[in-house]
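Written out below as structure tokens is the structure these notes cover.
The values are calculated or read from the model by the stated rules, or taken from the named source; none is laboratory data. The structure displayed is predicted, hence computed values, not measured ones. In this analysis, Cβ positions are derived from the backbone assuming ideal geometry, glycine residues included, and neighbour counts consider all displayed protein chains.
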Amino acid sequence: MPDLWQCVQESRSCHGGSDNITKVAGNDRTSERQERMTDPLGFALAALILLAAPGPTNALVCVGGATLGAGRGLLLVLAALAAYSLAIALLLGVLQTVLDALPWLGDAVATLVAAYLILLAWRLWQQGQAAGQPMSQITPTKVFLVTVVNPKAFVLAFSILPRGDAALHWYLLALAGIIALVALGWLLLGVLIGAAAGAGHQRLLNRLSSGVLAGFAGVILWRVLQGWLA
């Protein structure tokens, strides 16, 4: 799985820095990447590989599919699509300047996402302790909040989308389709897992889901810590 936080740092370095030679080299690499991504097939494959990789959004959609089923789980797919679309629009618009001026802000947001995932994991784990407890479901709001600050959006906006291309709107439309397709795939996987587990294993499924979310929270925190120690 690609190191998303490293990709984010590399993307940032291509848009800032005080050394002119580093700037030129970074811009050259960015231009070459943008040129490659104007190939529709290359763009689609890059976006598909990145989005399909396991991460917080995919984990939530998968857990939602296992606990909610396919019908209500479709709302999670729409939430992920809306959140990615909003995040990319903001990044392409104004947030890049803010992130360049405040490089610590990205790590702060990542830490908040990790804390939120830990909270969700704890709630799921608590459900595994007693059968009579009310169900704390994976809601579209939860998926939206985690997805809108997903570092994959940063990589999509600055490393995969051909920002200077005249046909950028068509690439954005294609990207929306890929986002929906990947989310549907993770939802279906969750539905299959839920069906295999059965109603009698709901507590076990909750605890397994809790472990998955906590694991991703740990990965995010570890990446942030590596960035500070580097």
Does Thr97 satisfy the criteria of being in contact (Cβ under 8 Å) with a residue 60 or more places away in the chain and either polar (S, T, N, Q) or under 15 Å from Leu145 (Cα atoms) (or both)? no
Residue by residue through segment 102-139, note down the ones that are assigned to a loop (DSSP other than H, G, I, E, B) and modelled with pLDDT of 80 or more. Ile138, Thr139
Limited to segment 19-66, what total is found for residues that are part of a loop (DSSP other than H, G, I, E, B) and at pLDDT below 50? 1
Is segment 72-80 home to any residue that is surrounded by 14 or more Cβ atoms within 10 Å (Cβ to Cβ), part of a helix (DSSP H, G or I), modelled with pLDDT under 90 and hydrophobic (A, V, I, L, M, F, W, C)? no
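Would you be able to say whether some residue in segment 146-156 is in contact with a helix residue (DSSP H, G or I) (Cβ under 7 Å, 6 or more places away or on another chain) and either modelled with pLDDT under 75 or among the acidic types (Asp, Glu) (or both)?
no
Please work out which residue is surrounded by the fewest Cβ atoms within 10 Å (Cβ to Cβ), limiting yourself to segment 164-186 and to residues that are assigned to a helix (DSSP H, G or I) and small (Gly, Ala, Ser). Show your work before the answer.
Let us first name the residues in segment 164-186 that are assigned to a helix (DSSP H, G or I), namely 168-186.
This time we only want the ones that are small (Gly, Ala, Ser), so: 174, 176-177, 180, 183, 185.
Values: Ala174: 15, Ala176: 15, Gly177: 12, Ala180: 15, Ala183: 28, Gly185: 17.
Across segment 164-186, the extreme among qualifying residues is Gly177.
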